[in-house]
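Here the structure is laid out as structure tokens; the discussion comes afterwards.
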């Protein structure tokens, strides 16, 4: 089979000029973030790389760009290869007289929601209003500590099925609102955003991809990262104030207390930065790291293989797995990072390893056995001898608890396949 002209990559020579897509550029410490919002691809470049993008975008040829950079920096640059890299990222619209095929932009959630519809989400007065509401709730709790919820508040009904159904409905509603807060603030900053289901270790989560927010100012970035937590705290603060005005012991009071606990329950999870929660992205932004999780995982693997190699070397193993382990441990991936990133990545790798180990151990010792017991009880609760109410209760447990676990498996498998496909395309 012969390649058609359209399949042959355009040649990039000294006289080649390129046309770039609409790119956004932002300085970040000693680097420049360059990206294309339409495809949500971005890259960190040194100053010379950002200058090369500027010169190419102004219409200079490859040779002329190299000459200009040589005169400005005193260094030699291979701009032809650089143009090829930009084309692979989807930043180049045309090379010479040849149009570069463009990938279909990723779909966005709620595409009819425009930035001007939600521009108030980034208004500077909103943090002040949030702070006032939170302060009022804290004052109410100090004056009436009995308003603090406990686990018994979730058990507001003697029917387990009713508790599970209402808890699941309220929990997923709050989760959707949490992710909508991320989407709305990102959309106000001009970032499309997409909501979808995901997994974090053993947890089934809803997540919002706001790739491209890296190009926004820091205040907008942090607002988008913290919007979900702010929404949960706002809902919880409002419920505290309503609880303070509700008579204790009534059904309304019990329901409000259960809702308050459901609004607060996701917040401790946000501290689990080793699962890439909202606070993880805040931490990544404040430390100036490009990929805190990926670099931390690579460093943890490096330390692991170094330890394995040392143990095998002491035991006299020189071949096979021991040799491969020692070879894998020679190159410290963190040495290629800037000094400020290197320190943050090495500290984060410790949190990543310990947090993941504790989380998986808790699942094995507590969560999984509890789920199995509940499911077994539900199966045994089926049958004509248990009556209509007993069967309905058992079916509800099976549907809610079993459905969540099946959904986790399906989501994990789907996202795993998507990551493999993306990795193959990038290679």
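The values are calculated or read from the model by the stated rules, or taken from the named source; none is laboratory data. Model, not experiment: these values are computed from the prediction. Note that we place each Cβ from the backbone using ideal geometry, even for glycine, and neighbour counts take in every protein chain shown.
Scanning region 90-106 for residues that are in a strand (DSSP E or B), over 16 Å from residue 34 (Cα atoms) and touching a residue at least 12 places away in the same chain (Cβ under 8 Å) gives 94, 95, 98.
Conditions (1) out of contact with any strand residue (DSSP E or B) (no Cβ under 8 Å at 6 or more places or on another chain); (2) in a helix (DSSP H, G or I); (3) at pLDDT 90 or above, marked per residue:
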{"residue": "240", "(1), (2), (3)": "yes, yes, yes"}
{"residue": "248", "(1), (2), (3)": "yes, no, no"}
{"residue": "255", "(1), (2), (3)": "yes, yes, no"}
{"residue": "267", "(1), (2), (3)": "yes, yes, yes"}
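Among the residues examined, residue 223 does not qualify as outside any helix (DSSP H, G or I), at pLDDT 90 or above and surrounded by 19 or more Cβ atoms within 10 Å (Cβ to Cβ). Here are some conditions: (1) assigned to a helix (DSSP H, G or I); (2) touching a helix residue (DSSP H, G or I) at 6+ places or on another chain (Cβ under 7 Å); (3) under 21 Å from residue 33 (Cβ atoms). Residue 80 meets all but one. Which one does it not meet? The one condition residue 80 does not meet is (3).
Restricting attention to region 355-378, the residues being in contact with a helix residue (DSSP H, G or I) (Cβ under 8 Å, 6 or more places away or on another chain) and modelled with pLDDT of 85 or more number 3.
Filtering region 345-367 to residues that are over 23 Å from residue 281 (Cβ atoms) and touching a residue at least 60 places away in the same chain (Cβ under 8 Å) leaves 363, 367.
Of all the listed residues (211, 234), the sole one being buried (at least 17 other Cβ atoms within 10 Å of the Cβ), assigned to a loop (DSSP other than H, G, I, E, B) and in contact (Cβ under 8 Å) with a residue 40 or more places away in the chain is 211. Considering only region 208-220, state which residues are modelled with pLDDT of 90 or more and in contact with a strand residue (DSSP E or B) (Cβ under 7 Å, 6 or more places away or on another chain). 208, 209, listed by residue number.
Scan 75, 67 and give me the residue that is more than 24 Å from residue 290 (Cα to Cα), touching a helix residue (DSSP H, G or I) at 6+ places or on another chain (Cβ under 9 Å) and modelled with pLDDT of 90 or more. Can you show your working first?
On the way: 67 fails: touching a helix residue (DSSP H, G or I) at 6+ places or on another chain (Cβ under 9 Å).
On inspection, the qualifying residue turns out to be 75.
Condition test on residue 24, is it more than 29 Å from residue 208 (Cα to Cα), in contact (Cβ under 8 Å) with a residue 24 or more places away in the chain and either surrounded by fewer than 18 Cβ atoms within 10 Å (Cβ to Cβ) or out of contact with any helix residue (DSSP H, G or I) (no Cβ under 8 Å at 6 or more places or on another chain) (or both)?
Values: more than 29 Å from residue 208 (Cα to Cα): no; in contact (Cβ under 8 Å) with a residue 24 or more places away in the chain: yes; either surrounded by fewer than 18 Cβ atoms within 10 Å (Cβ to Cβ) or out of contact with any helix residue (DSSP H, G or I) (no Cβ under 8 Å at 6 or more places or on another chain) (or both): yes.
Criteria not met by residue 24.
Right, residue 87: in a loop (DSSP other than H, G, I, E, B), in contact (Cβ under 8 Å) with a residue 12 or more places away in the chain and either exposed (fewer than 12 other Cβ atoms within 10 Å of the Cβ) or out of contact with any strand residue (DSSP E or B) (no Cβ under 6 Å at 6 or more places or on another chain) (or both) or not? In short, no.
Within region 388-401, the presence of at least one residue that is out of contact with any helix residue (DSSP H, G or I) (no Cβ under 8 Å at 6 or more places or on another chain), surrounded by fewer than 16 Cβ atoms within 10 Å (Cβ to Cβ) and modelled with pLDDT under 80 is confirmed.
Restricted to region 277-289, and to residues there that are buried (at least 17 other Cβ atoms within 10 Å of the Cβ) and not in a helix (DSSP H, G or I), the residue that is modelled with the lowest pLDDT is 289. Restricting 44, 5 to residues that are touching a strand residue (DSSP E or B) at 6+ places or on another chain (Cβ under 6 Å) and modelled with pLDDT under 90 narrows the list to 44. Residues in region 387-401 include none that are under 26 Å from the mean Cα position of the chain (by Cα), touching a residue at least 60 places away in the same chain (Cβ under 8 Å) and under 29 Å from residue 283 (Cβ atoms).
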